[in-house]
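The values are calculated or read from the model by the stated rules, or taken from the named source; none is laboratory data. Because the structure is predicted, anything quoted here is derived from the model rather than measured. So basically every Cβ, Gly included, is an ideal-geometry build from the backbone, and we count neighbours across all protein chains shown. SASA here: full protein model, heavy atoms, side chains in, ligands and nucleic acids out. Shrake-Rupley method; radii C 1.70, N 1.55, O 1.52, S 1.80 Å.
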Amino acid sequence: MKHLLLSSVVFASFCFSTQLRAQKNREANNLARQGTEAANNKQWDQAIDSLRKAAEMDHKYAPNLAVALQQRASAYMAEQKFPEALADFSEALKIRPKDAGILERRAYAEMKLNDLDKALADYSE
């Protein structure tokens, strides 16, 4: 009897955990979809916010967040907002640390901010 009760509790716990995980996955999918749509509309802040939340729930969305950060950083570069661009490129590198394209763009932003040592280090990397 004890084993049956224990088995029932374990099974109920497993079912609840599975259901909770499925709900979290649906929510992450919705957030990722919203983030992608916002990025397509060049609403960078909304895109990054949604994709960041999705990536926190399910890490598979982190590469999408890195792309959105790069896109917003490029928009900042076009507006000559170099500190903001630098911050976004740095965040993207936390997700994709060895991405040569991000390193190159961050180095350019660092050059524009006259931080030549950091720019050289990024170009060297």
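Wholly within region 26-114, which helices (runs of 4 or more DSSP H) include no fewer than the required count, namely at least 3 residues that are under 29 Å from residue 124 (Cα atoms) and touching a Gly at 6+ places or on another chain (Cβ under 8 Å)?
Fully inside region 26-114 and qualifying: 62-78.
Quick one: how many residues across region 92-125 are crowded, with 19+ Cβ neighbours inside 10 Å and under 17 Å from residue 64 (Cα atoms)?
3
Mind listing whichever residues of region 14-47 are open to solvent by less than 60 Å² (accessible area, probe 1.4 Å) and at pLDDT below 80?
Answer for region 14-47, where residues must be open to solvent by less than 60 Å² (accessible area, probe 1.4 Å) and at pLDDT below 80: 15, 17, 18, 22.
For region 66-82, indicate whether the set of residues that are over 10 Å from the mean Cα position of the chain (by Cα) and aromatic (Phe, Trp, Tyr) is non-empty.
Yes: one or more hits.
Mind checking whether some residue in region 116-123 is of a type in the set (Ser, Thr, Tyr) and under 13 Å from residue 73 (Cβ atoms)? Before the answer, list the steps.
We begin by selecting, within region 116-123, every residue of a type in the set (Ser, Thr, Tyr); these are 123.
Applying the additional criterion that residues be under 13 Å from residue 73 (Cβ atoms) yields none.
Checking region 116-123: not a single residue is of a type in the set (Ser, Thr, Tyr) and under 13 Å from residue 73 (Cβ atoms).
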